[in-house]
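The values are calculated or read from the model by the stated rules, or taken from the named source; none is laboratory data. Being a predicted model, the structure only gives us computed values, none of them experimental. Here the Cβ is made from the backbone with ideal geometry for all residues, glycine too, and neighbour counts use every protein chain on show.
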Amino acid sequence: MAPEKARSATAVNPVEANATESAPAGPSIRWDDSHMQTAYANVCNVASTREEVVLLFGINQAWQAGQAEIPIQLSSRIIISPHVAKRMATLLNNVLNEYESRFGSLSGGPA
C-alpha cells in the first residue's frame, strides 16, 4: 500500500507535476496517518457557500426498490475551501480517467 501513498503524494500538488527539472525542489510531504479514521460511504452530497464547500458522506440502507422514503445514515461532514475543492475535483477526475483506462467506462456521469 505504501507505493499508492507515494503516488498520491505526488498527485496532490498539480503544480509540482508541471515543474521543470531546473526548479528547486520543494519540501517533501510526509503523510501522518496515526490519527486517521476510516469510514465507508455509498452516498455523497455537496453544498456550498462563497467561503466553503461542505461534503456529506453516508450510507444508503434502503434495500427494497420503490420505497416512499430512503433513509440515509450520515456519518461524516468534511468542510473545505473552494480552492481545495477545485484541486480535489482535478484529482478525482485524474483518478477516474486512470480507472476507466484500466477497467472500462463507468456509467452514471457526464461523458
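Residue pairs whose Cβ atoms lie under 9 Å apart, separated by 6 or more positions or on different chains, with the first residue in the range 75-98 and β-branched (Val, Ile, Thr) and the second assigned to a helix (DSSP H, G or I), are 80/88; 90/14; 95/11.
Does residue 38 fit the bill of being loosely packed, with under 11 Cβ neighbours inside 10 Å, part of a loop (DSSP other than H, G, I, E, B) and at pLDDT below 55? Here the answer is no, as residue 38 does not meet what is asked. Applying the criterion of being among the charged types (D, E, K, R) and exposed (fewer than 12 other Cβ atoms within 10 Å of the Cβ) to the residues of the range 49-76, the residue that is nearest to residue 36 (Cα to Cα) is 51.
Scanning the range 55-83 for residues that are under 24 Å from the mean Cα position of the chain (by Cα) and outside any strand (DSSP E or B) turns up 61, 71, 81, 82, 83. Against the criterion of being among the polar types (S, T, N, Q) and modelled with pLDDT under 95, residue 22 qualifies.
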